[in-house]
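Colleague: Handing you this structure, nothing more for now.
The values are calculated or read from the model by the stated rules, or taken from the named source; none is laboratory data. Just so it is clear, the structure is predicted and the values come from calculations on it, not from any experiment. Quick note on the areas: whole protein, heavy atoms, side chains included, nothing else; ligands and nucleic acids left out. Shrake-Rupley method; radii C 1.70, N 1.55, O 1.52, S 1.80 Å.
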Amino acid sequence: MGGKSGGERGSYRYVEGEQRLGRVPTDADGAMLALALAGTVHHLLMHGSPQPGENARLVRRLVTALVPTANGLGAWT
């Protein structure tokens, strides 16, 4: 993760922790998940969501879309 932003590094460490806990599959591409998560959070912080107060729900939807669980329901639903 050299040369990445602080937000992306933090997101990567978070994803790694979730992988160790078994909540994100170990074969998931942690660097790409971190990039998507950091980019989305940055966008929402800078521009807001279309509906006020929806940022947390949109981030959960993103993670669910990117990281399906074994039962097919998605993470953090």
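Colleague: Got a number for carbon plus sulfur as a percent of the stretch 26-71's accessible area, 1.4 Å probe?
Modeller: Numbers: 1950 of 3140 Å².
Result for the stretch 26-71: 62 percent of the exposed heavy-atom area is carbon or sulfur.
Colleague: Rg to Rh for the stretch 1-70: what is it, with Cα atoms only and Rh by Kirkwood?
Modeller: Numbers: Rg = 12.4 Å, Rh = 12.6 Å.
Across the stretch 1-70, the Cα-based Rg/Rh ratio is 0.99.
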